Amino acid sequence: MQNIRSYKELRVYEAAINAAMRIFEITKRFPIEERYSMVDQMRRSSRSVCSNIGEAWRKRRYPAHFVSKLSDSEGEAEETRVWRELALRCEYISRTEADELDQTYDGIIGQLVRMIEHPEQWSIRTRQIQINNADV
């Protein structure tokens, strides 16, 4: 496994931040009456995916906390998909935009699930034990 020093180097974080920025741009076109409802919620949930990945990274020495924050991120990603569906049904976004976002979030959720299923690969404590055992 590559030595990753920051959550910013994670492919899942990069995908999440790019998706959040895409949503920011798309929601600029939404009707003014959606500014404090759909726009706010869609932006908030998409940004929360990113922030929870960052928080999870700092919790790596505690596997249960790490998994919990990744699970929060997964939930926020799915919430974003629900808002995407509502935006499509309200005809604020095109089918193409909706499909692209859905595919993007499907990939993000898949990566998060893999991390959740194998927290030992990301744990600071586990990696320190492996390093110490290699020195012996």
Segment 74-99, residues that are open to solvent by less than 20 Å² (accessible area, probe 1.4 Å) and assigned to a helix (DSSP H, G or I): ALA77, THR80, ALA87, ALA98
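Do we find that ARG29 is outside any helix (DSSP H, G or I), more than 30 Å from GLU120 (Cβ to Cβ) and of a type in the set (Lys, Arg) in this structure? Reasoning before the result, please.
Numbers: outside any helix (DSSP H, G or I): yes; more than 30 Å from GLU120 (Cβ to Cβ): yes; of a type in the set (Lys, Arg): yes.
Taking the combined requirement at face value, the residue satisfies it.
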Count - residues of segment 100-136 that are modelled with pLDDT under 95, surrounded by 11 or more Cβ atoms within 10 Å (Cβ to Cβ) and among the β-branched types (Val, Ile, Thr): 3
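Take ARG5 and decide whether it is open to solvent by 30 Å² or more (accessible area, probe 1.4 Å), free of Cβ contacts under 8 Å to residues at least 60 places away in the same chain and not in a helix (DSSP H, G or I).
Working: open to solvent by 30 Å² or more (accessible area, probe 1.4 Å): yes; free of Cβ contacts under 8 Å to residues at least 60 places away in the same chain: yes; not in a helix (DSSP H, G or I): yes.
Taking the combined requirement at face value, the residue satisfies it.
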Selected residue [out of contact with any helix residue (DSSP H, G or I) (no Cβ under 6 Å at 6 or more places or on another chain), at pLDDT 95 or above and of a type in the set (A, V, I, L, M)] from ILE32, ILE23: ILE32
Failed item, numbered, when SER71 is tested on (1) within 11 Å of the chain's Cα centre (by Cα); (2) crowded, with 17+ Cβ neighbours inside 10 Å; (3) polar (S, T, N, Q): (2)
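The values are calculated or read from the model by the stated rules, or taken from the named source; none is laboratory data. This structure is a prediction, so every number in the text was calculated from the model and none was measured. Heads up, the Cβs are rebuilt from the backbone with ideal geometry, glycines too, and the neighbour counts pull from every protein chain shown. Areas reflect the complete protein model, heavy atoms only, side chains present, ligands, DNA and RNA absent. Shrake-Rupley method; radii C 1.70, N 1.55, O 1.52, S 1.80 Å.
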